[in-house]
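Everything below concerns the one structure shown next.
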Amino acid sequence: MALDFTEHFIKHLKNADRIMFFTGAGISAESGIPTFRGKDGIWNKLKPEELANFEAFMRNPDMVWEWYQYRRKIVNDAKPNKGHLAIAEMENLFSEVTVVTQNVDNLHNRAGSSKVYELHGNIERNYCVDCKTFYSDKDWDYNKAPHCVNCGGLIRPDVVWFGEFLPEDQFMGGEKAASLCDICFVVGTSAVVYPAAYIPLTAKQSGALIVEVNIEHTELSRQADYTFLGQSGDVLPEIVKKLKELKKNDF
Ligand code: BJW
Ligand code: ZN
């Protein structure tokens, strides 16, 4: 795909030192991991209020656990795609690249990105609801919610459900990156879930260029300086290609 890069956009790309990527489920769609909302979103069929909150888990732990085991299987079988890999490659092209992701699938880390803030947790981890002991997802392969070996409490996935606070260090790290970056790429997110969706707004308020990459317009499009409509696995490698051309011409 050939993108239409304006002079203004190229000037920003050339001058940027610090960039950040604020990512959502759309970046992993090309790895075969379904998104939440939209045409093929999982919440067209399943209700988030029955699966993605603490009360639902305590009401029916086995059902919620089984749902996360099913999702883990998809994530374990998935591989980072061209979009994740392009973001990791950007580390060779800018002095600082930060990824702030809403995704729980660990694919940015697996793609090789070195500075990743996970706002909504990581599906590969679990913890005891009573004593907070952490466990890896490799510790169980059965479909019933397990109990803690230390205290007998229920084990839950380390993801952030509705009504729960985001991990403070991850959110603060994301906010700081947003306040310092020159360009904020907003990739594959509907940008409707708060407080995560405040992060690109912080970048905007701090003077960063906002560049959206999505297959369709979103809540954020009005705030964005550029929206590249297309799959992130196509658009992001094009941006890397352009940057490499610009770098070559500098010498
Ligand atoms: C492509 C593509 C391709 C497709 N290429 N693009 C106002 C202010 C603050 C809070 C609130 C508020 N109003 C309401 C709230 C509460 C609530 C909230 O935001 N609700 C809104 C939905 C209305 N927020 C919370 O509850 C949060 N906590 C909180 O507020 O704590 C404070 C508090 C504490 C105590 C009491 C009261 C308040 C927590 C939110 C946790 C969200 N958790 C989830 C589930 C994680 C676990 C799991 O995975 O099961 O996180 S919800 C779900 O949505 C998941 C995602 O990370 C998150 C965002 O979704 P995302 O990534 O944007 O995906 P989609 O599907 O929406 O969009 C995909 C996009 O990709 C689309 O745009 C496609 O077009 C695009 N796409 N293919 C490029 N190939
Ligand atoms: Zn315990």
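Where a number appears in this text, it was derived from the coordinates with a stated rule and is not lab data. Computed from a predicted structure; not experimentally measured. Every residue, glycine among them, receives a Cβ derived from its backbone with ideal geometry; neighbour counts consider all protein chains shown.
Using the Cα gyration tensor of segment 158-221, with a ≥ b ≥ c the square roots of its eigenvalues, what is the shape: rounded (a/c below 1.5), prolate (a/b larger than b/c) or oblate (neither)?
On the way: a/c = 2.33, a/b = 1.22, b/c = 1.92.
Because a/c hits 1.5 or more and a/b fails to exceed b/c, segment 158-221 counts as oblate.
Take every DSSP beta bridge with both residues inside the chain and express the antiparallel ones as a percent of the total, to the nearest 5. Kindly include the intermediate steps, with their values, before the conclusion.
Working: 8 of 31 bridges.
Given both bridge residues lie in the chain, the antiparallel proportion sits at roughly 25 percent.
Candidate cross-link partners of Lys144 among the lysines, defined by an alpha-carbon separation under 18 Å and a same-chain spacing of 8 or more, comprise Lys73. Helices in the chain, meaning DSSP H runs of at least 4 residues, each add -39500 (n - 2.57). Divided by all residues, the mean residue ellipticity at 222 nm is -10500 deg cm²/dmol. Farthest toward the positive end of the dipole of segment 119-227, out of Gly163, Val192, Val129, is the Cα of Val129, where the dipole comes from beta carbon charges about the Cα centre.
Provide the packing ranking of 6-13, 156-163, i.e. peptides ordered by the mean count of other C-beta atoms within 10 Å per residue, highest first.
Values: 6-13: 13.8, 156-163: 18.0.
Averaged packing, sorted descending, gives the order 156-163, 6-13.
Annotation: amide H of Leu209 within the under-5 Å range of Ile183, Cys184, sequence separation 5 or more or interchain, hydrogens built in the peptide plane.
Mind checking segment 119-208 for GluC sites (Glu not before Pro) that DSSP puts in a loop (not H, G, I, E or B) and that have at most 14 other Cβ atoms within 10 Å?
Within segment 119-208, the qualifying GluC sites (Glu not before Pro) (loop, at most 14 other Cβ atoms within 10 Å) are Glu164.
Amide H to amide H, with H built 1.01 Å from N, Val187 comes under 5 Å of Phe22, Thr23, Gly24, Val213, counting only residues 5 or more places away or on other chains.
A simple rule links phi to the HN-Hα coupling: the Karplus curve 6.51 cos²θ - 1.76 cosθ + 1.60 with θ = phi - 60°, which for segment 227-234 gives 10, 9, 8, x, 6, 4, x, 9 Hz, with x for Gly and Pro. Along segment 164-176 the Karplus relation, 6.51 cos²θ - 1.76 cosθ + 1.60 evaluated at θ = phi - 60°, assigns HN-Hα couplings of 9, 6, 6, x, 4, 5, 6, 5, 5, x, x, 5, 5 Hz to successive residues, with x for each Gly and Pro.
What are the equivalent ellipsoid semi-axes of the chain, built from the alpha-carbon gyration tensor (square roots of five times its eigenvalues), in whole angstrom, biggest first?
Working: eigenvalues 240, 60, 57 Å².
One finds semi-axes of 35, 17, 17 Å for the chain.
In this Cβ point-charge picture (+1 for Lys and Arg, -1 for Asp and Glu), the chain has a dipole of about 280 debye about its Cα centre.
Give me D for segment 31-129 in µm² s⁻¹, whole number, from Stokes-Einstein with Rh from the Kirkwood sum over alpha-carbon pairs, 37 °C and 0.692 mPa s.
Details: Rh = 15.1 Å.
The estimated diffusion coefficient comes to 217 µm²/s.
Let me test this: with uniform point scatterers at the alpha carbons of segment 113-156, what is the Debye-based log₁₀ I(q)/I(0) at q = 0.23, 0.30 1/Å? With one equal scatterer per Cα and no solvent, log10 I(q)/I(0) is -0.80, -1.11. Rounded to whole numbers, the Karplus 3J(HN,Hα) couplings from phi for segment 77-91 are 7, 7, 10, x, 9, 4, x, 4, 5, 5, 5, 4, 5, 4, 5 Hz, using 6.51 cos²θ - 1.76 cosθ + 1.60 with θ = phi - 60°, and x at Gly and Pro.
Among the trypsin sites (Lys or Arg not before Pro) in segment 126-198, which ones are in a DSSP loop with at most 13 other Cβ atoms within 10 Å of the Cβ? Mind listing them?
Numbers: sites: Lys132, Lys138, Lys144, Lys176; in loops: Lys132, Lys144.
Loop-located and lightly packed - Lys132, Lys144.
Projecting the Cα atoms of Tyr117, Gly83, Ser95 onto the charge dipole of segment 24-133, computed from C-beta unit charges around the Cα centre, puts Gly83 farthest toward the positive end.
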